[in-house]
Amino acid sequence: MKDFPKVLFAVAFLVAASFAQEPAAAHTQEPPPPVAAHEADAPQLEPAAVAEPATEPAEAAPATEPVAPPPAIPEPAPVATPPVPAPAAPAPVAQAPSEPSEPIVFEAGLRLGLGVSQFRDHIALKVPNTKYAIQLDPAFSLSVGAAFQIGFNKVFALAPELQYTLYRANGEMVNEFRNSQNLRPLYDAGVYMHALELPVLARFRFGSGYAELGPQVGLNIYSKTYSNADYQRPDKNLLAFGVAAGGGVNLGGILAGVRGYFGFLEYAKDAKGIPWGVQLSITPFVF
């Protein structure tokens, strides 16, 4: 036992010399630490439950080729949605410059008409003391009065008038037999009627021409019939009504044209005569 310290010292020296000669061994692998005697009696744990020392490097696993990740599935490209255009604001409507309204033009003048007239369906007038009856034919007629024109624009005007009109119709018949002087008797018959009338016409103007149409009312102020110098007074109807229409040209403020009147009412009781007339007319507007 006297040599035990020497032996222990020699062992320690050898161990230290071995560590000095192989310093790299510490970087490669260290021997597992000795297990204590009391740890040997401990129950064995599952390999997965025993944690290896953090200082001991794990054996290098065999090198394996890196596994390439599965190719990424490209996400579908988003569908480009066309932008919804914002509702365009209505373009401002250019206001056309308003034309100045045409002034109303008032004109006044005179009207003179000459033509023919007749009493439609008038009964034949009997010649006194004979067996003859005479049918009536158209005869001379005239009108005169005041004319007015209210022009609303270049196309349309309203034309009221106030006029006197003479309506006439007559007829004649020659006897077949000659008298002692070798002459044949002549029989005649006719109707006169004086009327005061108010036509109200719508006058349409185009260029230098015009056309007119409208109602006409009147008063039968006087009438008479005659047959072979035998004059009689018919029982007249006071009111008259009909339609007037015509047309013509404008000669620098003077209207020259044709106008017709067609009545609807008999001028007298039991006469069955309805007046009508056609006249050439001239209407100068002097005011």
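Just a few scattered comments:
- Extension gain, residue 270 to residue 153, is 37.5 nm, computed as 0.36 nm per intervening residue step minus the present C-alpha separation.
- Near residue 122, the amide H atoms lying under 5 Å from its own belong to 274; only residues 5 or more places off or on other chains count, and H is placed 1.01 Å from N.
- Projected label points at residue 182 and residue 258, each 7 Å from Cα along the beta carbon direction, are separated by 4.5 nanometres.
- Ascending count of other beta-carbon atoms within 10 Å, so fewest first, for 278, 286, 217: 286, 217, 278
- Segment residue 107..residue 144, full-extension length gain: 11.6 nm, with 0.36 nm per residue of separation and the alpha-carbon distance subtracted.
- FRET efficiency for the pair residue 129 and residue 245, taken as 1/(1 + (r/R0)^6) with r the Cβ-Cβ distance and R0 = 35 Å, rounds to 0.20.
Values in this text are rule-based calculations from the coordinates and carry no lab data. Since we're looking at a predicted model, the values are computed, not measured. In this analysis, Cβ positions are derived from the backbone assuming ideal geometry, glycine residues included, and neighbour counts consider all displayed protein chains.
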